[in-house]
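**Student:** This structure is in C-alpha cells; I'll ask about it shortly.
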Amino acid sequence: MVAFFYCIHLILIVLIRTIFASRVEARLLFNLLKQNYYDHRVRPVEESNATLNVELGLTVRRIINLSYRSNSLTMNVWLTQRWKDSQLTWKPEDYAGIKEIFLPRHQIFTPDITILNGAEQVIDSSMMSRAVVKFDGTVKLVDQLTWKSDCVFEHIETEVRCTVKLGSWSYNSALLNLTVGEVDVMTSVMPHRQWLIEKASTTRLVRFEGAETDNKFSIDFVFYLRKRADADY
C-alpha cells in the first residue's frame, strides 16, 4: 500500500511539473510572437538597413539517379540554414530555464533561399521540420529535399561534375549575406549501385543583376562523381 501511494505521489509531481512547464512555454511564445507584435514578413534585424547573415550547410544523404539524357543528378539532401533573429531572444531565468523552443516555420521569418540554376527542388512534406530557436536568437532550420542539379559529363563514362546554385530570390547583398556552413556526404549509408561522390566543394559568388543595389550573393555546391569500379555498365 505504501508503494502504491508513493507511485501516485511521483505521478502527481510529474504532472504538476509538466503543466507548469507547458504554461511557462506558452507564456514565452505569447511574449515573443504576440506581445512583441512579431511579423514573419520582416527581416529580423535591429536596424532596417542592417545585413542578415545566413549560413547554409548541406548533408547529402543519397544519390537517387544520374541521367545522361537530361544531364542531371537527383539526390536526397538535408539543407541546414542558420541565422540570428533579433526579435526571438529571452532570458532563460525568466522562463524556468527554457533555453530553446521549436516553432512552425510559417510563424517566423525564414530566408527565401532557392535553387537558381534551373534545377528542381522538392521539399518532402512529411519531413517539414520545425525551426529550433535558442534564447540568444539563433535559429536553425533543416529541410529534407530532393534535388535535381545540372551536370557536366567530363568523361562521359566515368566522371561527372554537378552543381547546385543557391541564393536569395529577393534580397540583395546589403540585406542578406550568405556564408558556407558544414558540407557532408553520407551516401555510404545508402550507396548508389553505379556512382559515388568523390568530393564536394563550395564557392561563394556575387550575382550581378544590373544596378549595384541589385547584386546578390549565391553559393555553388559542386559535386564530383565517379563511376564505381564494380558498377554494371
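**Student:** Over 18 Å between Cα atoms, which of Lys134/Lys216; Lys84/Lys148; Lys84/Lys140 qualify? Write out the running numbers ahead of the final one.
**Tutor:** Values: Lys134/Lys216 28 Å; Lys84/Lys148 30 Å; Lys84/Lys140 9 Å.
Violating the 18 Å limit, Cα to Cα: Lys134/Lys216; Lys84/Lys148.
**Student:** Ordered by packing density, taken as the mean number of other Cβ atoms within 10 Å over each peptide's residues, highest first, how do 73-86, 135-148 rank?
**Tutor:** On the way: 73-86: 19.5, 135-148: 17.9.
Packing proxy ranking, top to bottom: 73-86, 135-148.
**Student:** Compare the peptides 158-171, 192-205 by average per-residue count of other Cβ atoms within 10 angstrom and give them in order, highest first. Before the final figure, lay out the partial values.
**Tutor:** Numbers: 158-171: 18.7, 192-205: 14.6.
Per-residue mean Cβ counts within 10 Å order the peptides as 158-171, 192-205.
**Student:** Residues with beta-carbon under 13 Å from that of His106, excluding His106: net charge, scoring Lys, Arg +1 and Asp, Glu -1? Provide the component values of the computation, followed by the final result.
**Tutor:** Working: positive: Arg41, Arg105, Arg130; negative: Asp39.
Here the count lands on +2.
**Student:** Could you give the nm distance between label points at Phe208 and Glu55, where each point is 7 Å from its Cα heading toward the beta carbon?
**Tutor:** The two pseudo-label positions are separated by 3.1 nm.
**Student:** Given labels modelled 7 Å from the Cα in the Cβ direction, how far is it in nm from Val24 to Ser86?
**Tutor:** 2.9
**Student:** Sum up the charges of everything whose Cβ sits under 12 Å from the Cβ of Val133, counting Lys and Arg as +1 and Asp and Glu as -1, but leave Val133 out.
**Tutor:** Details: positive: Arg82, Lys84, Lys99, Arg105, Arg130, Lys134, Lys140; negative: Glu25, Asp85, Glu100, Asp136.
Taking every other residue near Val133 into account, the sum is +3.
**Student:** Within 10 Å, count the other beta carbons around each residue, average over each peptide in 37-49, 53-65, and list them highest first.
**Tutor:** Numbers: 37-49: 11.5, 53-65: 18.0.
Highest-to-lowest ranking by the protection proxy: 53-65, 37-49.
**Student:** Measuring from the lowest to the highest alpha carbon on each principal axis, how far does the range 52-227 reach, largest first, in angstroms?
**Tutor:** 62, 44, 24
No lab work stands behind these numbers, since they all come straight from the coordinates. A quick note: this is a predicted structure, and the numbers were derived from the prediction, not measured. Here Cβ is always computed from backbone atoms with ideal geometry, including for glycine, and neighbour counts include all displayed protein chains.
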